[in-house]
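Just below is one structure, and these are the notes that go with it.
The values are calculated or read from the model by the stated rules, or taken from the named source; none is laboratory data. Small disclaimer: the values here were computed from a predicted structure and weren't measured. Counting neighbours? That spans all protein chains shown, and the Cβs are built from the backbone with ideal geometry, glycine included. Only protein heavy atoms, including side chains, enter the accessible area calculation; ligands, DNA and RNA are left aside. Shrake-Rupley method; radii C 1.70, N 1.55, O 1.52, S 1.80 Å.
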Amino acid sequence: MTRSLAVLLALAGPARAALTVNASANKATVALNDQVILTVSVAADGASLPEPEMPSMPRFNVHNAGKSQAMTMMNGRISNTADYTYILVPRMVGNAIIPTIVVRAGG
């Protein structure tokens with residue numbers, strides 16, 4: 001029998017219209033010897049992007065797996081997107097909620 005951890009994802013809404021934040025996990029249930037891949041996508045108008053502030057997650061070992069970023073310019077308007085990837089490895093059996101991930105725009 002495989003012991004598993006149920007994962008729930010919570011995310012704060014966008015701070016303003018020019019900033020969009022989405023988070024997704026590749027699975028909702030994970031075994032102790034498995035992992036969840038969490039992707040936080042941030043998109044904004046302008047050249048700079050704020051980075052997500054990862055909350056404390058005592059039920060997981062959290063590993064930063066990198067970032068991919070793209071910038072486009074159309075009609076003089078710059079759009080910037082980045083995907084931040086994290087690998088979450090459960091530490092114990094039971095239910096866990098991924099807490100709110102904060103992205104601060106403009107300080």
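Some observations on this one:
- Matching residues, segment 57-107, being open to solvent by 90 Å² or more (accessible area, probe 1.4 Å) and more than 20 Å from ASP34 (Cα to Cα): LYS67, GLN69, MET71, MET73, MET74, ASN75, ARG77, ARG104, GLY107
- Residue match in segment 68-83 (condition: within 11 Å of the chain's Cα centre (by Cα), among the charged types (D, E, K, R) and not in a loop (DSSP other than H, G, I, E, B)): yes
- Pairs are defined by a Cβ separation below 9 Å, a sequence spacing of at least 6 or placement on different chains, a first member in segment 89-107 that is farther than 19 Å from THR20 by Cβ and small (Gly, Ala, Ser), and a second member that is assigned to a strand (DSSP E or B) and open to solvent by 20 Å² or more (accessible area, probe 1.4 Å); the pairs so defined are GLY94/ALA6; ALA96/ALA6; ALA96/LEU8.
- Of the residues making up segment 41-53, those that are open to solvent by 60 Å² or more (accessible area, probe 1.4 Å) and either among the basic types (Lys, Arg) or within 18 Å of PRO99 (Cβ to Cβ) (or both) number 2.
- Scanning segment 30-40 for residues that are buried (at least 16 other Cβ atoms within 10 Å of the Cβ) and either within 14 Å of TYR84 (Cβ to Cβ) or without any contact (Cβ under 8 Å) to a residue 40 or more places away in the chain (or both) turns up LEU38, VAL40.
- Subset of segment 46-67 (residues that are closer than 12 Å to ALA82 by Cα and modelled with pLDDT under 95): ALA47, SER48, LEU49, PRO50, GLU51, PRO52
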